[in-house]
Amino acid sequence: MGRVRYGGGAGKAGCLVTGIRLVALAVIGPGVAIRRWWWARRRGDDVRSTLREAPPGHHGVLRRLDWTLDVPSKGERAARRRVATAIVRIAGRVGRSGDIYHLVYRPPGASDAELRAVGPLLQALGDRVHTHLAREALEGRTSLWPALPRGVWLAEHVDAGEADPDAPGEPDGLVGRLPCRWAFAMAWRRERAATVFRVAVWVPTEAFDAVRSCLDRS
């Protein structure tokens with residue numbers, strides 16, 4: 001009998017907790033929705049694209065362009081494809097036969113960076129960029145994508161235990177230390193009513209104007 005009595009009390013307590021949670025959700029939920037609606041209204045539906053040349057730095061002989069794409073939250077998925085398409089267009093203009101694309105990034109909390117070979121195909125590059133941008137765990141993390149000549153191995157030039165594209169002076173430092181023909185880096189972050197994508201592109205001087213034109217139209 002005692003066991004039955006205690007079980008009933010626990011059931012009542014559980015129902016009470018559940019009821020409190022439901023009431024809290026009923027009160028808090030609409031407030032969150034209203035705030036999100038207000039932020040979205042203030043943000044608007046416009047897409048904000050900015051492009052600037054970075055000052056000379058320690059990234060070797062390549063010149064750097066910084067592209068920022070600020071889109072309303074509901075446009076995040078389309079923006080991923082937009083970024084991936086822009087990268088493929090740039091690769092088509094700057095890339096050379098024999099380029100092998102690679103990827104360097106450090107997952108949150110990891111002691112070593114991930115060093116990956118993506119391959120020479122532009123379609124594979126675009127698909128990998130799109131997939132990478134969709135990884136929730138990598139929000140706010142910078143990934144570097146260098147194009148290396150065939151036969152040059154990323155691990156010969158990058159120490160996975162030390163490499164971190166988010167460290168001070170990076171990813172410019174990594175670009176300057178690698179024998180890359182060109183490179184790009186990406187990061188994205190969600191804000192109140194928007195998602196902001198930041199892309200840096202390092203290209204030879206002779207390709208700079210063509211890449212700027214490509215990003216201007218992206």
- With a cut-off of at most 13 other beta carbons within 10 Å, and DSSP calling the residue loop, which chymotrypsin sites (Phe, Trp or Tyr not before Pro) in segment 116-203 qualify? Please list them. Trp153
- Note on the structure: Computed from the beta carbon distance with a Förster radius of 35 Å, FRET efficiency for Leu122 and Arg177 to the nearest 0.05 stands at 0.85
- Item | For q = 0.11, 0.15 Å⁻¹, Debye-computed log10 I/I(0) when each Cα of segment 53-138 counts as one equal scatterer | -0.39, -0.74
- May I ask you to give the solvent-accessible area per residue for segment 115-218, in square angstrom, as obtained with a 1.4 angstrom probe? 46 Å²
- Message: Is the C-alpha gyration tensor of segment 65-218 telling us rounded, prolate or oblate? Criteria: a/c under 1.5 is rounded; beyond that, a/b larger than b/c is prolate, otherwise oblate.
- Response: oblate
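As an exercise, identify the trypsin sites (Lys or Arg not before Pro) in segment 157-199 lying in DSSP coil whose Cβ has no more than 13 other Cβ atoms within 10 Å. Numbers along the way, then the final one.
Values: sites: Arg177, Arg181, Arg189, Arg190, Arg192, Arg198; in loops: Arg181, Arg192.
Loop-located and lightly packed - Arg192.
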- When the Debye formula is applied to the Cα atoms of segment 150-192, each taken as the same point scatterer, what base-10 log of I(q)/I(0) results at q = 0.19, 0.32 Å⁻¹? -0.66, -1.32
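Would you mind estimating how fast segment 136-218 diffuses translationally, via Stokes-Einstein at 4 °C and 1.567 mPa s with the Kirkwood radius over Cα pairs, in µm²/s?
Details: Rh = 14.3 Å.
Roughly 90 µm²/s, to the nearest whole number.
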- What shape does segment 77-123 have by the C-alpha gyration tensor, where a ≥ b ≥ c are the square roots of the eigenvalues, rounded means a/c under 1.5, and otherwise prolate means a/b greater than b/c and oblate the rest? oblate
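The values are calculated or read from the model by the stated rules, or taken from the named source; none is laboratory data. Since the model is a prediction, treat every value here as computed from it, not as a measurement. No Cβ is skipped: glycine too gets one built from the backbone with ideal geometry, and neighbour counts run over all protein chains shown. With ligands, DNA and RNA removed, areas are computed over all heavy atoms of the protein, side chains included. Shrake-Rupley method; radii C 1.70, N 1.55, O 1.52, S 1.80 Å.
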